[in-house]
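One structure is given here, and the rest of the page talks about it.
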Amino acid sequence: MTKQQLRKQYKAARLAIEGHKRLQYDDLMLLQFQQMYFEEVTTLLTYWPMSNMAEPNMHLYNGYMRHMYPGLQQCFPKTNSNFTAMDAIAIHEETVYVTNDKGITEPKNGSLVAPTSIDLIFVPLLVCDEQGYRVGYGKGFYDKFIAQCRADVLLVGFSYFLPVKAIADVNEWDIPLHYCITPERIIDFTER
């Protein structure tokens, strides 16, 4: 299937998951995620989940990272005014967030963090394939941003669904995940 077909199918599938089931899946993914250990991670780019898209509860995983890695600098994406690119903004306890016209909650302001400073990125997705390529929302924000990061930046996605066999229209600029956390297991793409 193509990205467009998968996007439509998995948006609907994710929205169809009942609230109590989504909470259960989030807890199961946290248990899976707690099996991972990241050496020398000092800066994380994560994101605020869009409730209208029934995204995994990233607040659980962000909170776990803050607890396990004291001193970890967390950053959130902030899109530019015409929604063609994003920057990483350092956050702290006093950060004020706003929800933009696209329904994305992001820091109102803050310090820019260079892409080359980021060690770990939690990458949003609807579904990925068995090679680690993902279907996002179709704007390409993350692939453009990741292309500016160091080659050793670690890419982790969280999905309620197991990978599909293959995405039919993967492009040369698509960047695969290293790991995908699902309620059932951690999928490791690093040995491909």
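Quick notes
- The helix-only estimate of mean residue ellipticity at 222 nm for the chain, built from DSSP H runs of length n ≥ 4 each weighted as -39500 (n - 2.57), is -7000 deg cm²/dmol after division by the residue total.
- Cut-off 14 Å between beta-carbons: net charge of the residues surrounding Gln32, Lys and Arg +1, Asp and Glu -1: -3
- Length available on full extension from Ser81 to Thr42: 0.36 nm per residue minus the Cα-Cα distance, which gives 11.2 nm.
- Structure note, pairs Lys11/Lys144; Lys11/Lys78; Lys3/Lys139: Cα-Cα distances above 18 angstrom occur for Lys11/Lys144; Lys11/Lys78.
- Centre-to-centre separation between the Cα atoms of the stretch 119-178 and those of the stretch 32-93: 15 Å.
- Local charge for Lys21 was computed over the other residues whose Cβ lies under 13 Å away, with Lys and Arg +1 and Asp and Glu -1, and equals -1.
- Taking 7 Å steps out from each Cα toward its Cβ at Leu162 and Arg66 produces label points 3.5 nm apart.
- Descending semi-axes in whole angstrom, ellipsoid equivalent of the stretch 59-169, from the Cα gyration tensor: 24, 18, 14
- Restricting attention to the chain, close to 55% of DSSP beta bridges with both partner residues there are antiparallel.
- ³J(HN,Hα) computed for each position of the stretch 69-86 - Karplus, 6.51 cos²θ - 1.76 cosθ + 1.60, integer Hz, glycine/proline x: 10, x, x, 4, 8, 9, 10, 10, x, 9, 7, 7, 5, 9, 6, 10, 7, 9
- With N counted as the residues of the chain, its alpha-carbon radius of gyration over 2.2 N^0.38 Å works out to 0.97.
No value in this document is a laboratory result; all are computed from the given coordinates. What you are looking at is a predicted structure, and each value in this text was computed from that prediction instead of being measured. Counting neighbours? That spans all protein chains shown, and the Cβs are built from the backbone with ideal geometry, glycine included.
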